[in-house]
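So the structure is just underneath, and the comments pick up after that.
The values are calculated or read from the model by the stated rules, or taken from the named source; none is laboratory data. What you see is a predicted model, and the numbers here were worked out from it, not measured in a lab. Here the Cβ positions follow ideal geometry from the backbone for every residue, glycine too, while neighbour counts run over all protein chains shown. We work out accessible area using only protein heavy atoms, side chains counted, and drop any ligands, DNA or RNA first. Shrake-Rupley method; radii C 1.70, N 1.55, O 1.52, S 1.80 Å.
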Amino acid sequence: MGGILALLVIVILALWVLASCIRIVPQAYAVVLERLGAYRATWGTGVHFKVPFIERVARKVNLKEQVVDFPPQPVITKDNVTMQIDTVVFFQITDPKLYAYGVENPIMAIENLSATTLRNIIGDMELDETLTS
């Protein structure tokens, strides 16, 4: 009786490991795969199989266009007037590998890049121009 129970536990564990190796990637997502801690591949939509205990899913990346509302930014115009400008950024990830490994915090990087660009553009305008454009 003990041998049958041990065999049943081993079979259940083997089925569980095999089931964890099958990965279905839904539409509009990508999966970054690592083998022994190093980048291996980027999986697109569909059914994929990974090697147990050697490969792991590092990150699941949403490829849809996303909208992020950032807090108001203080901006100084060309005629030295300080304004608070609220920003909404639309972005879409085109390279899941760079998104996963390129920057520690990608959303903060997008926020800082958009704030810098906004300050640069508004800094070249006078107050009247900023209100009309």
Do we have residue 90 as open to solvent by 70 Å² or more (accessible area, probe 1.4 Å), without any contact (Cβ under 8 Å) to a residue 40 or more places away in the chain, more than 30 Å from residue 13 (Cβ to Cβ) and among the aromatic types (Phe, Trp, Tyr) here?
yes
How many residues does the range 20-55 contain that are farther than 17 Å from residue 97 by Cα, in a strand (DSSP E or B), out of contact with any Leu (no Cβ under 9 Å at 6 or more places or on another chain) and open to solvent by less than 70 Å² (accessible area, probe 1.4 Å)?
1
Quick one: what pairs do we get from the range 9-36, first residue modelled with pLDDT of 95 or more, second assigned to a helix (DSSP H, G or I) and not small (Gly, Ala, Ser), C-beta under 6 Å, 6+ apart or different chains?
30/96; 32/96
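Being among the polar types (S, T, N, Q), over 13 Å from the mean Cα position of the chain (by Cα) and part of a strand (DSSP E or B) narrows it down to one of 87, 116, so name that one.
Values: 116 fails: part of a strand (DSSP E or B).
Only one candidate qualifies: 87.
Looking at this structure, is residue 111 more than 30 Å from residue 133 (Cα to Cα) and among the acidic types (Asp, Glu)?
Spelling it out, it is not the case that residue 111 is more than 30 Å from residue 133 (Cα to Cα) and among the acidic types (Asp, Glu).
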For residue 68, all conditions in the list (1) outside any strand (DSSP E or B); (2) among the aliphatic types (A, V, I, L, M); (3) under 30 Å from residue 128 (Cα atoms) hold save one; what is the number of the exception?
(1)
Kindly indicate the residue of the range 90-113 that is among the aliphatic types (A, V, I, L, M) and not in a helix (DSSP H, G or I) and also modelled with the highest pLDDT among those meeting that condition.
93
When both residues are 6+ apart or on different chains and their Cβ atoms are under 7 Å apart, which pairs have a first residue that lies in the range 122-133 and is within 15 Å of residue 86 (Cα to Cα) and part of a helix (DSSP H, G or I), and a second that is modelled with pLDDT of 85 or more and open to solvent by less than 50 Å² (accessible area, probe 1.4 Å)?
122/75; 122/77; 122/85; 130/77; 130/83; 130/122
Among residues belonging to the range 56-67 that are surrounded by 12 or more Cβ atoms within 10 Å (Cβ to Cβ) and not charged (D, E, K, R), point out the one that is farthest from residue 88 (Cα to Cα).
57
